[in-house]
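Let me begin by presenting the structure, written as structure tokens, before commenting on it.
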């Protein structure tokens with residue numbers, strides 16, 4: 001009982017959330033069963049293609065998704081009845097184009113959305129009408145981008161908070177990069193000025209003196225009230241910062257994720273280390289709902305499959321191997337209490353842990369892609385905590 005009440009106290013002090021709801025959920029979890037996620041609602045949208053959901057806003061009942069092609073990007077706006085209300089491009093040779101997206105589109109208010117791209121911060125109404133643009137005085141070429149609703153930016157009156165997508169000039173053969181890199185940025189919504197913040201904590205895996213996958217430290221994060229919850233790359237640890245300058249580190253919570261095979265670094269620089277990205281484990285999303293940390297993650301290959309992944313293969317052999325690995329290793333959910341104790345680890349049928357978002361107190365996720373069946377619709381699900 002002492003441990004349980006310590007967990008509740010930690011929730012109140014660190015995350016400043018409503019105590020009664022957390023007590024109810026966690027006490028039921030400890031006393032009666034296992035915490036899991038349950039699909040309680042869904043929206044089905046008729047669409048033939050390869051849609052990527054960027055944002056879902058329960059307050060306005062809006063779903064924002066895109067089709068990304070080699071030479072086009074089309075924006076779609078749908079409602080919670082599954083109706084597509086608008087479709088249009090903002091990519092290419094257009095006067096109000098965002099240029100190249102740095103992250104997913106973000107719904108702001110009830111009738112607008114923001115695009116963060118190479119042309120700055122651009123705001124449109126839901127019908128696609130251009131509203132405003134804030135140019136950025138300095139554009140830093142990025143090494144990576146993540147375009148789906150699990151990787152959206154956080155927005156306030158003054159700025160947007162997002163991951164630092166790095167520079168193509170960064171020298172990862174020098175171990176000092178892990179001491180010097182700033183993992184996140186603020187972009188001022190009035191001036192477009194970019195400010196780098198939050199170095200890798202001293203206790204991080206990425207400060208152990210070894211070499212890692214280029215930009216392997218890239219964070220996933222969630223803002224909860226006045227706190228910033230972050231995991232860095234594949235590291236099984238949650239960091240909690242104050243969500244204001246100087247972004248003080250408040251808490252480090254180590255995690256034990258079952259059968260999690262993550263990259264621990266190499267003693268010397270390997271310019272081909274990116275080949276490890278798809279075979280090692282990684283944390284892909286993080287959310288905090290009713291006193292529970294919800295992580296979406298990929299577990300990583302076992303040693304036998306890891307060795308096979310490094311063998312020379314023909315193109316057909318690579319395809320066959322990749323198909324076997326997709327069937328063998330699923331993207332999973334892991335759930336922890338505020339002290340990092342594992343509550344559950346599971347696969348939720350037809351739900352993609354990489355494409356999940358917490359908005360207005362509601363948790364929404366996109367269905368898993370089906371590699372074998374082409375459908376003329378896709379579904380998003382609303383999820384809630386459930387005690388089994």
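The values are calculated or read from the model by the stated rules, or taken from the named source; none is laboratory data. Since the structure is predicted, the reported quantities are computational estimates derived from the model, not experimental observations. Neighbour counts are summed over all protein chains in view; Cβ atoms, including those assigned to glycine, are modelled from backbone coordinates with ideal geometry.
The table below gives the values:
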| read-out | value |
| --- | --- |
| Among the candidates 177, 213, 139, residue that is out of contact with any strand residue (DSSP E or B) (no Cβ under 7 Å at 6 or more places or on another chain), more than 28 Å from residue 57 (Cα to Cα), at pLDDT below 95 and surrounded by 21 or more Cβ atoms within 10 Å (Cβ to Cβ) | 213 |
| Condition check for residue 59: over 23 Å from residue 120 (Cβ atoms) and at pLDDT below 95 | yes |
| Residue in the stretch 160-171 that is closer than 19 Å to residue 267 by Cβ and modelled with pLDDT under 95 present | yes |
| Residue count for the stretch 357-373, restricted to those that are more than 25 Å from residue 323 (Cβ to Cβ) and buried (at least 18 other Cβ atoms within 10 Å of the Cβ) | 4 |
| From the options 295, 343, residue that is surrounded by 14 or more Cβ atoms within 10 Å (Cβ to Cβ), touching a helix residue (DSSP H, G or I) at 6+ places or on another chain (Cβ under 7 Å), in contact (Cβ under 8 Å) with a residue 40 or more places away in the chain and part of a strand (DSSP E or B) | 343 |
| So residue 114, is it touching a residue at least 12 places away in the same chain (Cβ under 8 Å) and part of a strand (DSSP E or B) | yes |
| Selected residue [touching a strand residue (DSSP E or B) at 6+ places or on another chain (Cβ under 6 Å) and either at positive phi or free of Cβ contacts under 8 Å to residues at least 24 places away in the same chain (or both)] from 127, 132 | 132 |
| Unmet requirement for residue 145, which otherwise passes all of (1) assigned to a loop (DSSP other than H, G, I, E, B); (2) at pLDDT 95 or above | (2) |
| Whichever residue in the stretch 303-321 is under 27 Å from residue 220 (Cα atoms) and touching a helix residue (DSSP H, G or I) at 6+ places or on another chain (Cβ under 9 Å) and, among such residues, is surrounded by the most Cβ atoms within 10 Å (Cβ to Cβ) | 309 |
| All positions within the stretch 170-192 that are part of a loop (DSSP other than H, G, I, E, B) and in contact (Cβ under 8 Å) with a residue 24 or more places away in the chain | 170, 172, 173, 175, 181, 189, 190, 191, 192 |
| Any hit, the stretch 189-200, residues being farther than 24 Å from residue 119 by Cα and surrounded by 20 or more Cβ atoms within 10 Å (Cβ to Cβ) | yes |
| Answer residue from the stretch 266-283, given it is in a loop (DSSP other than H, G, I, E, B) and touching a strand residue (DSSP E or B) at 6+ places or on another chain (Cβ under 6 Å) and is farthest from residue 216 (Cα to Cα) among those | 269 |
| Residue in the stretch 153-163 that is surrounded by 14 or more Cβ atoms within 10 Å (Cβ to Cβ), under 26 Å from residue 106 (Cα atoms) and in contact with a helix residue (DSSP H, G or I) (Cβ under 7 Å, 6 or more places away or on another chain) present | no |
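So that you can scan it fast, the table gives a plain yes or no per residue for (1) over 15 Å from residue 284 (Cα atoms); (2) under 19 Å from the mean Cα position of the chain (by Cα); (3) in contact (Cβ under 8 Å) with a residue 12 or more places away in the chain; (4) not in a helix (DSSP H, G or I):
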| site | (1), (2), (3), (4) |
| --- | --- |
| 324 | yes, no, no, no |
| 327 | yes, no, no, no |
| 335 | no, yes, yes, yes |
| 339 | yes, no, yes, yes |
| 349 | yes, no, no, yes |
| 352 | no, yes, yes, yes |
| 356 | no, yes, yes, yes |
| 364 | yes, yes, yes, yes |
